[in-house]
Amino acid sequence: MLSVDRLDAHYGLFQALFGLSFEIGAGETVALIGANGAGKSTLLKAIVGAIRVRRDGVLLDRQPVGGDAERLQLSRGVALVPEGRRLFPSLTVKENLQLAARNGRRGPWTVERVVREFPVLASFLDRPATALSGGQQQLVAISRALVCNPRLLLCDEISLGLSPLAVNEVYDLLAGARKDGLAVVLVEQNVQRALAESDRYYCIQKGRTVLSGRSDEADRAAVAKAYFGV
Ligand code: ATP
């Protein structure tokens with residue numbers, strides 16, 4: 001469904017990605033693992049259109065879409081759950097969801113459906129987004145992406161700073177969303193969790209893929225070596 005072909009990415013003069021290739025098929029969950037600064041978020045930003053990259057460096061259904069604006073990528077079914085969640089603080093949870101639903105694609109996910117499928121949301125629907133715990137905010141951030149009816153969901157560090165219980169809730173919600181054939185890219189600091197939740201993984205180091213494979217066949221020692229670059 002989506003492939004990234006020998007992609008370079010820059011912030012001004014600084015080069016963050018070096019000829020990185022990556023692909024994900026419909027319904028797959030793929031984990032991106034790697035140390036801080038490896039380039040995982042940059043890859044997500046390139047896919048979602050938040051930074052400018054070579055046009056044929058990102059292919060969606062084999063069509064070049066690299067460098068196209070975020071809004072355009074959203075209309076094609078690519079949605080990001082950003083690091084830090086970035087909910088609108090002055091809006092209630094419901095308003096955050098409604099706003100996203102209006103800007104997203106038509107499809108099976110509506111505000112009513114996310115609340116029905118994830119009833120925990122109902123208990124804080126009318127509260128301001130800022131009045132929620134980190135775990136609750138993360139559930140809202142994922143739900144907000146879902147109501148845009150993506151085919152591909154990019155999740156940047158969705159468990160960061162959450163309690164173990166909240167992390168489980170977040171991954172349970174994601175598992176529920178995946179039943180519909182959604183493809184998911186997971187950037188996750190917790191390597192064990194990343195491998196447990198995914199079909200395949202890529203280990204990124206200094207802007208390059210150094211190891212990839214099926215998650216259930218991952219050699220822990222090789223992954224640790226690729227992760228730390230030792
Ligand atoms: P983390 O787990 O810390 O988020 P990451 O693997 O997601 O790490 P990126 O955020 O993609 O890494 O960063 C890759 C490189 O690009 C790092 O060296 C980082 O310092 C640099 N970088 C990221 N954002 C910017 C920016 N806006 N301006 C300049 N350099 C940046």
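Tell me, please, whether a residue that is farther than 24 Å from residue 61 by Cα and at pLDDT below 90 can be found in the range 145-157. Don't jump to the end; show me each part of the working.
Pass one, the range 145-157, residues farther than 24 Å from residue 61 by Cα: 157.
Then drop every residue that is not at pLDDT below 90, which leaves none.
No, the range 145-157 contains no residue that is farther than 24 Å from residue 61 by Cα and at pLDDT below 90.
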Check your understanding: Do you know which residues across the range 156-207 are over 23 Å from residue 84 (Cβ atoms) and acidic (Asp, Glu)?
Key -> 180, 199
Point to revise | Identity of the residue in the range 24-38, under 24 Å from residue 10 (Cα atoms) and more than 14 Å from the chain's Cα centre (by Cα), that ends up farthest from the ligand (Cβ to nearest atom) | key: 35
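Determine, yes or no, whether residue 47 is within 16 Å of the ligand (Cβ to nearest atom), within 20 Å of the chain's Cα centre (by Cα) and touching a residue at least 12 places away in the same chain (Cβ under 8 Å). Steps first, answer last, please.
Working: within 16 Å of the ligand (Cβ to nearest atom): yes; within 20 Å of the chain's Cα centre (by Cα): yes; touching a residue at least 12 places away in the same chain (Cβ under 8 Å): yes.
Yes: the conditions hold for residue 47.
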Practice item. Give me the pairs, please: first residue somewhere in the range 207-230 and of a type outside the set (Phe, Trp, Tyr), second residue anywhere and surrounded by 14 or more Cβ atoms within 10 Å (Cβ to Cβ) and part of a helix (DSSP H, G or I), beta-carbon distance under 7 Å, and either six or more positions apart or on two chains. Key: 210/226; 211/223; 211/226; 215/195; 218/195; 223/191
**Study point:** Condition check for residue 87: assigned to a loop (DSSP other than H, G, I, E, B), more than 16 Å from the ligand (Cβ to nearest atom), modelled with pLDDT under 95 and within 16 Å of the chain's Cα centre (by Cα)
**Key:** yes
Practice item. Consider residue 79 carefully, then state whether it is within 30 Å of residue 132 (Cα to Cα) and in contact (Cβ under 8 Å) with a residue 40 or more places away in the chain. Key: yes
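Can we say residue 142 is part of a loop (DSSP other than H, G, I, E, B), of a type outside the set (S, T, N, Q) and touching a residue at least 40 places away in the same chain (Cβ under 8 Å)? Before the answer, list the steps.
On the way: part of a loop (DSSP other than H, G, I, E, B): no; of a type outside the set (S, T, N, Q): yes; touching a residue at least 40 places away in the same chain (Cβ under 8 Å): yes.
Spelling it out, it is not the case that residue 142 is part of a loop (DSSP other than H, G, I, E, B), of a type outside the set (S, T, N, Q) and touching a residue at least 40 places away in the same chain (Cβ under 8 Å).
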Revision key, fill the gap. The residue from 65, 30, 93 that alone is surrounded by 14 or more Cβ atoms within 10 Å (Cβ to Cβ) and in contact (Cβ under 8 Å) with a residue 60 or more places away in the chain is 30
Exercise for review: Restricting attention to the range 148-203, report how many residues are more than 26 Å from residue 70 (Cα to Cα), among the aliphatic types (A, V, I, L, M) and away from the ligand (no atom under 16 Å from the Cβ).
Suggested key: 5
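Have a look at 21, 41 and point out the one that is surrounded by 14 or more Cβ atoms within 10 Å (Cβ to Cβ) and more than 8 Å from the ligand (Cβ to nearest atom).
Numbers: 41 fails: more than 8 Å from the ligand (Cβ to nearest atom).
None of the others qualify; the one that does is 21.
Filter the range 198-230 for residues that are among the basic types (Lys, Arg) and not in a strand (DSSP E or B); which is modelled with the highest pLDDT?
First pass over the range 198-230, keeping only residues among the basic types (Lys, Arg): 200, 206, 208, 214, 220, 225.
From what's left, not in a strand (DSSP E or B): 206, 220, 225.
Numbers: 206: 94, 220: 86, 225: 84.
Checked the range 198-230; the qualifying residue modelled with the highest pLDDT is 206.
Name the single residue, out of those in the range 6-40 being among the polar types (S, T, N, Q) and at pLDDT 95 or above, that is nearest to residue 157 (Cα to Cα). Spell out the reasoning first.
At the first step, the residues of the range 6-40 found to be among the polar types (S, T, N, Q) are 15, 21, 29, 36.
Checking the rest, the ones that are also at pLDDT 95 or above come to 15, 21, 29.
On the way: 15: 22, 21: 21, 29: 15 Å.
Selected residue: 29.
The values are calculated or read from the model by the stated rules, or taken from the named source; none is laboratory data. Small disclaimer: the values here were computed from a predicted structure and weren't measured. FYI the Cβ positions are ideal-geometry reconstructions off the backbone, even for glycines, and counts take in every protein chain you see.
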